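The values are calculated or read from the model by the stated rules, or taken from the named source; none is laboratory data. Small disclaimer: the values here were computed from a predicted structure and weren't measured. Here the Cβ positions follow ideal geometry from the backbone for every residue, glycine too, while neighbour counts run over all protein chains shown. Keep in mind that these areas ignore ligands, DNA and RNA; they rest on the heavy atoms of the full protein, side chains included. Shrake-Rupley method; radii C 1.70, N 1.55, O 1.52, S 1.80 Å.
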Amino acid sequence: MLRISKLTDYGTVLLAHLAASDDDVCSAADVAAATGIALPTVSKLLKLLGKAQLVVSTRGVNGGYQLSRDPGQISAANVIDALEGPVSITECSASDSQCEHEGVCSVGGAWQRINVAIRKALEDVSLSDLLRSNSSAPTFHFAGLPVTVEKK
């Protein structure tokens, strides 16, 4: 099953809160209180998101965190890369592949194409898109065919 970690899910919640705060600087404590995520977890995530240059921090009495760029310029792929590393659904679809069967595998190319399609879909969804809870479900094109994600 393909699933993002709970920390990545929380990281997205933090980024959404910062995006909704416009250009205001938010302390880690404020973010924790607003999101209901424990302060140590918020601090850890903000540090990782800062290292990935998705948020910037300001020191001092009025310091805190804010997005490094517009929410429309932060993709779901950026968030996953920052908190989990690049998406690779199989060993051979990773950039540093070490699969011992790669030379004789007949399905590796297909998995690599699927991995690229997933990556493209994640790049096409921005933080702004994630914030639009009432927006219609997106339609993606896979192998030239439209695929609609249905809401439950």
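Worth pointing out:
- Residue match in segment 28-38 (condition: among the acidic types (Asp, Glu) and either surrounded by 13 or more Cβ atoms within 10 Å (Cβ to Cβ) or within 30 Å of Gly109 (Cβ to Cβ) (or both)): yes
- Pairs linking a residue in segment 77-89 that is touching a residue at least 40 places away in the same chain (Cβ under 8 Å) and over 20 Å from Asp129 (Cβ atoms) to a residue that is of a type in the set (S, T, N, Q) and surrounded by 14 or more Cβ atoms within 10 Å (Cβ to Cβ), with Cβ atoms under 7 Å and 6 or more positions apart or on different chains, are Ile89/Asn115.
- Listed by first and then second residue, the pairs with beta-carbon distance under 8 Å, at least 6 apart or on different chains, first residue in segment 44-55 and at positive phi, second modelled with pLDDT of 95 or more, are Gln53/Ser68.
- Once segment 54-70 is narrowed to residues that are in contact with a helix residue (DSSP H, G or I) (Cβ under 9 Å, 6 or more places away or on another chain) and outside any strand (DSSP E or B), the residue that is most open to solvent (accessible area, probe 1.4 Å) is Asp70.
- Of all the criteria given as (1) closer than 21 Å to Glu123 by Cα; (2) open to solvent by less than 50 Å² (accessible area, probe 1.4 Å); (3) not charged (D, E, K, R), the one not satisfied by Gln73 is (2).
- Enumeration of residues in segment 1-29 that are assigned to a helix (DSSP H, G or I) and basic (Lys, Arg): Lys6
- Subset of segment 96-120 (residues that are at pLDDT 75 or above and either within 16 Å of Pro86 (Cα to Cα) or open to solvent by less than 60 Å² (accessible area, probe 1.4 Å) (or both)): Gly109, Ala110, Trp111, Gln112, Arg113, Ile114, Asn115, Val116, Ala117, Ile118, Arg119, Lys120
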